[in-house]
Amino acid sequence: MKRPLPRPFLKWAGGKTQLLDALMARMPAAFRAYHEPFLGGGALFFALHRAGRLTRAFLSDSNAELIDAYIAIRDHAEEVIALLAGYPHDRDFYYALRAQDPWRLSLPERAARMIYLNKTGYNGLYRVNRRGQFNVPFGRYKSPRYLDPDNLRAVARALQTADIRHQPFEGALEAAGTGDFVYFDPPYAPLSRTAHFTAYQAGGFGPEDQARLRDVCLALSDAGVQVMVSNSDVDLIRGLYARPPFRIHRVEARRNINSKASARGKIGELIITNY
């Protein structure tokens, strides 16, 4: 039996596929528009689409290349599919494609490059260096599925009614209104002092950013917007959301995308809501 479509077309660190049941169980009973300011792999967006719970969606992320991939699939899916169909699973081709400047490519070419590197790179990592350059080595896959026409077409259909923007998470303050629902899935706070967030976006996401996110959630709450936040179960996050209107729920989720095998497996996470 085929898996239901659409589903995420990229592997993404912190992706919510393993946490979907817990998230869906804690969704508000009703909402007007859906907002996801840390889009990443978009697992919750696609799950809500499959469940028929979306009428309008606002999707955004601070990663410009990621946002362009979504826009390319929404508007040029067949071109992206044709490009991927011509890409061989080959080490030399991987490094040649990785060396290309994505900003000198067309929108479909940029999206196809990102999907190919994401699906064939080591352990499904998306990682950039301080200059914003993708630097993941070639992976050890026998038959990576970087070409998935059925899903890409389903993703394109799901995105037709979505407003997709490259912007920081604070953009939700302007876009969301009373009765809307905003899901924040930021880069997680590190579990220890020596565990730092891997650079999936140049610049990282530190404690001051987590505090700014909490302040945005407070402002949205005052505006009558329903908010859900996922993050790691650490003192920093518990302290930021310790007071009303927030409610903290602890869940366990499996994490598979990590450069260290010891960091994979079930870990405690938090789902925070203001309802």
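The values are calculated or read from the model by the stated rules, or taken from the named source; none is laboratory data. Keep in mind the model is a prediction, meaning the values are calculated, not measured. Positions of Cβ are generated from backbone atoms using ideal geometry, with glycine treated the same way; all protein chains shown enter the neighbour counts.
Considering ARG110, ARG32, ARG53, ARG74, the condition of being closer than 20 Å to THR161 by Cβ and in contact with an Asp or Glu (Cβ under 7 Å, 6 or more places away or on another chain) is satisfied by ARG32 alone. Sort through ALA22, ALA82 and tell me the only one that's free of Cβ contacts under 8 Å to residues at least 24 places away in the same chain and in a helix (DSSP H, G or I). Matching residue, one of ALA22, ALA82: ALA82.
Out of (1) at pLDDT 95 or above; (2) part of a loop (DSSP other than H, G, I, E, B), what's the single condition that is false for PHE205? Failing condition for PHE205: (1).
Taking every residue in the stretch 235-258 that is farther than 11 Å from ILE271 by Cβ and pairing it with any residue that is of a type in the set (Lys, Arg) and at pLDDT 90 or above, at least 6 positions away or on another chain, the pairs with Cβ-Cβ distances below 7 Å are LEU240/ARG214; ILE257/LYS11. Residue check: is HIS35 farther than 21 Å from TYR126 by Cα and not assigned by TED's automatic domain parsing to the domain that holds VAL251? For HIS35, the condition - farther than 21 Å from TYR126 by Cα and not assigned by TED's automatic domain parsing to the domain that holds VAL251 - is not met. Looking across the stretch 232-253 at every residue that is part of a loop (DSSP other than H, G, I, E, B) and in contact with a Lys or Arg (Cβ under 8 Å, 6 or more places away or on another chain), the one that is farthest from ALA189 (Cα to Cα) is identified as TYR241. Residue-level check: of (1) part of a loop (DSSP other than H, G, I, E, B); (2) small (Gly, Ala, Ser); (3) in contact with a Phe, Trp or Tyr (Cβ under 8 Å, 6 or more places away or on another chain), SER60 misses just (1). Annotation: of all residues in the stretch 1-43 being among the aliphatic types (A, V, I, L, M), touching a strand residue (DSSP E or B) at 6+ places or on another chain (Cβ under 6 Å) and surrounded by 20 or more Cβ atoms within 10 Å (Cβ to Cβ), the one that is modelled with the lowest pLDDT is LEU19. Condition first: touching a residue at least 60 places away in the same chain (Cβ under 8 Å), touching a Pro at 6+ places or on another chain (Cβ under 7 Å) and small (Gly, Ala, Ser). Now tell me which residues in the stretch 27-53 satisfy that. None - no residue of the stretch 27-53 is touching a residue at least 60 places away in the same chain (Cβ under 8 Å), touching a Pro at 6+ places or on another chain (Cβ under 7 Å) and small (Gly, Ala, Ser), so the list stays empty. Considered as a group, the residues in the stretch 129-147 that are on the phi < 0 side of the Ramachandran plot and of a type in the set (Gly, Ala, Ser) include one that is surrounded by the fewest Cβ atoms within 10 Å (Cβ to Cβ), and that residue is SER143. Residues that are under 18 Å from GLU78 (Cβ atoms) and surrounded by fewer than 20 Cβ atoms within 10 Å (Cβ to Cβ) within the stretch 148-163 comprise ASP148, PRO149, ASP150, ASN151, ARG153, ARG157, GLN160, listed in sequence order. Scanning the stretch 44-57 for residues that are part of a helix (DSSP H, G or I), hydrophobic (A, V, I, L, M, F, W, C) and either over 20 Å from VAL216 (Cβ atoms) or at pLDDT below 95 (or both) yields PHE46, ALA47, LEU48. Here ILE67 fits the description: touching a His at 6+ places or on another chain (Cβ under 7 Å) and outside any strand (DSSP E or B). Please tell me if ALA43 is of a type outside the set (D, E, K, R), assigned by TED's automatic domain parsing to the domain that holds ARG165 and within 16 Å of ASN118 (Cβ to Cβ). Here the answer is yes, as ALA43 does meet what is asked.
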